[in-house]
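Engineer: Starting off with a structure, shown below.
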Amino acid sequence: MWLQRLPNRAIAARLTITECAVEAYVAQIFAKLGLRDSPDSHRRVLAVLAHIRSERQGAG
């Protein structure tokens, strides 16, 4: 859903959970990936790139 550039509210609606729950899950994902909040970075993009890299390493 991040690749579709959906805001947290839209993700929550699709998953039938609260927006607060989405924010909590997103924060956990960022923490596991070591992505800190920074005005110079787009953490969602970095998270997707980290996922793609891990898939490539697993396939190789």
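The values are calculated or read from the model by the stated rules, or taken from the named source; none is laboratory data. These numbers come from a predicted model, not from an experiment. When we count neighbours, we look across all protein chains shown, and the Cβ atoms used for this are built from the backbone with ideal geometry, even at glycine. For the accessible areas, the whole protein counts, side chains as well, though only heavy atoms, and no ligand, DNA or RNA atoms are used. Shrake-Rupley method; radii C 1.70, N 1.55, O 1.52, S 1.80 Å.
Engineer: Just for segment 30-56: of the residues that are basic (Lys, Arg) and within 12 Å of the chain's Cα centre (by Cα), which one is nearest to Leu6 (Cα to Cα)?
Structural biologist: Arg44
Engineer: Let me ask something else. Starting from segment 14-34, keep only residues that are closer than 17 Å to Leu46 by Cα, then list their pairs with residues that are among the aliphatic types (A, V, I, L, M) and in a helix (DSSP H, G or I) whose Cβ atoms are within a distance under 7 Å, requiring at least 6 positions of separation or different chains.
Structural biologist: Every condition considered, the pairs that remain are Ile29/Ala47; Phe30/Ala47; Leu33/Ala47; Leu33/Ala50.
Engineer: What pairs come out if I take residues in segment 37-60 that are without any contact (Cβ under 8 Å) to a residue 40 or more places away in the chain and pair them with residues that are open to solvent by 100 Å² or more (accessible area, probe 1.4 Å) whose C-beta lies under 9 Å away, six or more apart or interchain?
Structural biologist: If the second residue must be open to solvent by 100 Å² or more (accessible area, probe 1.4 Å), the pairs left are Arg43/Arg36; Arg43/Asp37.
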